Structure formats: structure tokens, C-alpha cells
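Okay, structure first, notes after.
Read-outs: derived from the displayed coordinates by stated rules, not from any lab. Note that the structure is a prediction, hence the values are computed from the model and not measured.
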Amino acid sequence: MNCSRAKEIIFLYTDNELGEELLVAFQEHVVVCPQCARRISYTRRLLTVVRQGCTRTRAPESLRKKILTSLRQPGVEWEG
Ligand SMILES: [Zn+2]
């Protein structure tokens, strides 16, 4: 596991959608990588905001997916 791979799957991690093998690899990485550990809390906050916003405006599931997909775009830096 390296940082770019961790970044790719961080949304799956925060959604509890990682398979066991990836989950273990991911957790092993964040234990030794403060940058990615920090990114997890940032991603959790971001998802909370997105979800609250969607609930308030009653956005359809398709829009929520679209937002999450755009957030998952590679090359996006998650510095918070
Ligand atoms: Zn990392």
C-alpha cells in the first residue's frame, strides 16, 4: 500500500466498503503514514457535510453518487 493507492480507496474505507484484505493493507498503511491518517478524518468530515447537504435539499441518490464520484477523481489533493 502506498499513498496514491490509499487515496484511491479512502472513500471505500470511510464507507466501510473495503474487503478484508484491502482493509488490513489500508490500516497498516495509515498506522505508519500520518498524512493518510489525517486524510481519513478530513474525508469523514467531507462526507458528513455532503450527506447532510443532500438530506437537507432532498437530493436524489443519483446526484449524491455524482458528487461522490467527482470527489473520487484521481489527482485531487485532499489537504484539509
Ligand atoms: Zn499515505
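Volume per residue of the convex hull around the Cα atoms, evaluated for segment 3-71, comes out as 77 Å³. The HN-Hα couplings worked out from phi for segment 27-40 by the Karplus form 6.51 cos²θ - 1.76 cosθ + 1.60 (θ = phi - 60°) are 5, 4, 5, 5, 4, 9, 10, x, 4, 6, 4, 5, 5, 4 Hz, whole numbers, x standing for Gly and Pro.
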